[in-house]
1. With a 1.4 Å probe and all protein chains kept in place, how much accessible area does Phe251 have, in Å² rounded to the nearest 10?
2. Let me check something: with ligands and nucleic acids excluded, how do Asp53, Asp381 order by accessible area (1.4 Å probe), largest to smallest?
3. GluC sites (Glu not before Pro), restricted to the range 140-196: which are DSSP loop and have at most 12 other Cβ atoms within 10 Å?
4. Measuring from centroid to centroid over Cα atoms, what is the spacing of the range 241-288 and the range 550-580 in Å?
5. If you take semi-axes √(5λ) of the Cα gyration tensor in Å from the coordinates, which of [x] 64, 32, 24; [y] 51, 39, 20; [z] 60, 52, 21 do you get?
6. By its C-alpha gyration tensor, with a ≥ b ≥ c as the square roots of the eigenvalues, how is the range 1-103 shaped: rounded for a/c under 1.5, else prolate for a/b larger than b/c, else oblate?
7. Residues with beta-carbon under 15 Å from that of Gln348, excluding Gln348: net charge, scoring Lys, Arg +1 and Asp, Glu -1?
8. Measure up Lys295/Lys327; Lys234/Lys373; Lys28/Lys123; Lys81/Lys104; Lys102/Lys232; Lys553/Lys575 against 27 Å on the Cα-Cα distance and list the ones that go over.
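The values are calculated or read from the model by the stated rules, or taken from the named source; none is laboratory data. Predicted model, so just to flag it, every value in this text is computed and none were measured. Backbone-built Cβ (ideal geometry, glycine too); neighbour counts: all protein chains shown. With ligands, DNA and RNA removed, areas are computed over all heavy atoms of the protein, side chains included. Shrake-Rupley method; radii C 1.70, N 1.55, O 1.52, S 1.80 Å.
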Amino acid sequence: MAERIEQRLEDRVPELEQLERVGLFTRKEIRAVLRKASALEYKIQRRALRKEDFINYIQYEVNLLELIKKRRARIGYSFKKDEIEHSILHRVHSLFNRATGKWKGDVQLWLSHVAFCKQWNAKHQLSKVFSTMLAIHSNKPALWIMAAKWEMETRLSSESARHLFLRALRFHPECPKLYQEYFRMELMHAEKQRKEKKEFEQAKMDLGEFNYSEEILNGEMARIVYRDASQKIKGAEFQLAVLSIAKLFDFTQDLQKEILESLQSSYADDPLTWDYMARRELELGSLQPTEHTTKQKKVSEMAQREERCCAVFDEAVRAVPTEDMWKCYITFCLERYNRKTNSEELKQKRLERTLSVFSKAHESSLLSETLYKQWLQLLLDSRLSGKAVEVAEAATRHFSQSVETWQMRLRVLIQLERDDVTQCFEEAIKHVKSEGTLPLWTLWVEWSEGTNSKEDTEALYQRSLHGTTPAESVTMKEMYLDWTYRNGGYKKAKRLFTSLRENRPFSLDFFRKMIQIEKEQESCKMLHLREYYERALREFGSTNTDLWLDYIKEELSHPQGKPENCGSIHWRAMKMLQGDLVEDFVSKYTLLQTGHL
């Protein structure tokens, strides 16, 4: 191994001599580079190889290249690149090849090699990297697309890109993304040829052996790709994705027409088809020139376009009366309503239209829970509180098991300061299963704290402990203790803690809150603190190191503390803590003893 490392270091000598000779590095820096290289070489020649060692070595070489580049720019020296940079680049490629050969499955490592090749314009090497990577990771369409794009956009080779896409489709015959990018590539190829032909014609040059096929110029290859894809990939989503790509090119009118006809004939019942057809009306602007149109006329024209869109949507919800179709219609209305406009008339018309569509969807019983929430928010923003209460009630009728829907209704009633809030809370608790009611109970007690008497709130807290599941009651106990201390003082909080101390389960915060309450008192008693710590350790002593350390700190710092107890607490902690927590406790305890914690 030593001879191999010595040989590799000797191979560096010519480039290092050149670096020193041309004044890019000093002799001291050259020695530092050799020392570092030697250390890195030993790490990657060990029997048990580590990926991190290869990554560190590569990163060092890349940093070295960057430093050389900066030094060249500073002194204005641009010669001897073959003897210096070329040698380092070759070594980095070699390191990448060894690493990817050892850890073939690490895609990130391959992509790092690709990025390095692109950065240093190593086109020949990158072609090899893509070839090897795709042979190993042929199951990843994104890598095929990356390779084909590079061939098309950087090497300007449409033929190579097409070949890669065809190979990829043999592995992934039903991958929509591959077909979309292949379709885009063929249109880009056609556009490129059209530009070339136009430039030749403008220069009045003889085309000679250049033969531009009219079919290719008109995007016939893309049409073939589309037709093949349509047979294998079903769904309006794919058709719309291909159509959006075709619209980026100005010579694809016939192709767009074909895709649109296929979309309408094959997917007439798909909400996405109707959504596209309706929104298309916005793009079909007025045929009159717009330079001299007045502001009022523009508003009027926009209103007409939106009316045409809504006419298509109205037809859509009659033809396809589904929840998804209504969602598309409402989403469109909300988008238009949220668009900024200086015309109050247009803004009001959009609001009325949106509210009307919400009502119709509700009457058809095809409104989702999320859309009820959006409807409610729109009504509140528009200060239509009476209607908001009706909608909230309707939502809870449709989704009576949903905690979120009840929360939504309750917040509306609380915001409007209605008298029937308590009645609604009772109704919600009755309809929703006990598991998952915690958000309702927390909302109820928070509202009660600011509205009802202390007696009513305390009765509600007591009821919540029985109305929630044991796991959820933990949160209610914390809130109850905190509220009791704020409103009843220390003695009442201590009585509550005493009454709940055997009522498991608990949270650590429940005990910490009681400890904090005790410490806030003028006559803070260590006897009480010990009781709270002991009860907390009974529940959480096997999983929490900080609790033991806080107990020890308390014994050391409290005026009534007994430092001699620290030894027994330490011994108990070592016995009770599990796994790696013992080591964590020992290190923290050592820091505490030395005064660093």
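1. Result for Phe251: roughly 20 Å² accessible.
2. Listed by decreasing accessible area, they come as Asp381, Asp53.
3. Passing sites in the range 140-196 are Glu174.
4. Spelled out, the Cα-based centre of one part sits 74 Å from the other.
5. [z]
6. Because a/c hits 1.5 or more and a/b exceeds b/c, the range 1-103 counts as prolate.
7. Taking every Cβ under 15 Å from that of Gln348, the sum is +2.
8. Beyond 27 Å: Lys295/Lys327; Lys234/Lys373; Lys28/Lys123; Lys81/Lys104; Lys102/Lys232.
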